[in-house]
1. First compute the accessible area of the chain with a 1.4 Å probe, then give the percent of it belonging to carbon and sulfur atoms.
2. Relative contact order, percent, of the chain when contacts are C-alpha pairs under 8 Å separated by at least 6 residues?
3. To the nearest 0.05, how large is the calculated FRET efficiency for Ser94 and Ala209 if R₀ is 51 Å and r is the Cβ-Cβ distance?
4. With +1 on each Lys and Arg Cβ and -1 on each Asp and Glu Cβ, how big is the dipole of the chain about its Cα centre, in debye rounded to the nearest 20?
5. Starting from the amide H of Leu152, placed 1.01 Å from N in the peptide plane, find each other amide H under 5 Å away whose residue is 5 or more places distant or on another chain.
6. Give the total of Lys-Lys pairs in the range 46-147 with Cα-Cα distances below 14 Å; include a pair only if its members are 8 or more places apart or on different chains.
7. How would the range 156-236 be classified by its alpha-carbon gyration tensor: rounded, prolate or oblate, with rounded meaning a/c under 1.5 and the a/b versus b/c comparison settling the rest?
8. Quote the relative contact order of the range 112-263 in percent (integer), defining contacts as alpha-carbon pairs under 8 Å separated by 6+ residues.
Amino acid sequence: MRRAVVTIVASIQLCGGALAGSAYVPPKVSPAKTVEAPAELRAAATELLHAVTAKDVDGIGKWLAPKLSIVTGTLDLSIPRGSKLEGPWESAKSQVADLGNSTGGDWDLPPNVDIGAFLTKMELDFIGQSLTDGQPWGTDAAVKGAICTYALGKVDPAAVRRAARALDTSGDNFVGVKREIELFETMGENGTPVGKVVPGLLFAIDYDAETSTGWTAFHLPEGGVGFGQASGDDFDRPYASGLCFKQQVSGEWVVVAQASTGL
């Protein structure tokens, strides 16, 4: 589930009717940095994808570093991401299956399942999606010197934690937006404008407010709630899911990290 990360923003002008509820400071998000992948990296990624399509586990292992950084995050942006180095593995088969435990999300094991085969399929699906979901190549501060199949903006979890505490809400209620969205005191474009959200800050959604289809209630930084015509497709959260490659001394590009976001 790669995501192009466009950070969040809120620019607010308030009108008296909306001034109710808590104020908070919207957390900042650093711009995601995209890069142009070198031809050698694209060639390596293509070979890796061919191996995934052929379900050639040994062929996949050729493009995996002996030790990989496993970078994990949660939907709650107030919780810092974690990173740990794992490996080496005794074989490509064991490496691929083990990496299937680090694909994010949540799943239940079918009854009488072959756990090795199940995790291998999870990892093959993860690699395939990471290489084909159309995200621009970019960087991740958690994997220095690497080029990743996604670009990730940086968030200060402590800032999210402070904002969430001020609103008495969860850190997974903060979103970014892909476009400027005007907010109104009530639903309907004929309502009184109370502000707008634009890329640059994390803005909290008020899930307790009743909204019609196609409308979202946002907490205004200076207090109160504003309603905007927006849906999930308009949101962009700084979550990471994908692979990171680094060029070796030999000149080859191999996967050195796998990043995912879970519950």
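The values are calculated or read from the model by the stated rules, or taken from the named source; none is laboratory data. It should be emphasised that the depicted structure is a prediction, and the values quoted were computed from it without experimental measurement. So basically every Cβ, Gly included, is an ideal-geometry build from the backbone, and we count neighbours across all protein chains shown. Calculation scope for accessible area: heavy atoms of the full protein, side chains included, ligands and nucleic acids excluded. Shrake-Rupley method; radii C 1.70, N 1.55, O 1.52, S 1.80 Å.
1. Values: 6420 of 12780 Å².
Roughly 50 percent of what the probe reaches on the chain is carbon or sulfur.
2. Working: 632 pairs, mean separation 93.1, N = 263.
Rounded, it is 35 percent for the chain.
3. Details: r = 49 Å, r/R0 = 0.97.
The pair Ser94/Ala209 has a calculated efficiency of 0.55.
4. Values: 22 positive and 31 negative charges, 172 e Å.
So the magnitude is around 820 debye.
5. For Leu152, the qualifying residues are Lys33, Thr139.
6. On the way: Lys55/Lys93; Lys55/Lys121; Lys62/Lys93; Lys67/Lys84; Lys84/Lys144; Lys93/Lys121.
For the range 46-147, the number of qualifying lysine pairs is 6.
7. Working: a/c = 1.78, a/b = 1.52, b/c = 1.17.
Because a/c hits 1.5 or more and a/b exceeds b/c, the range 156-236 counts as prolate.
8. Numbers: 237 pairs, mean separation 32.7, N = 152.
About 21 percent, as a whole number.
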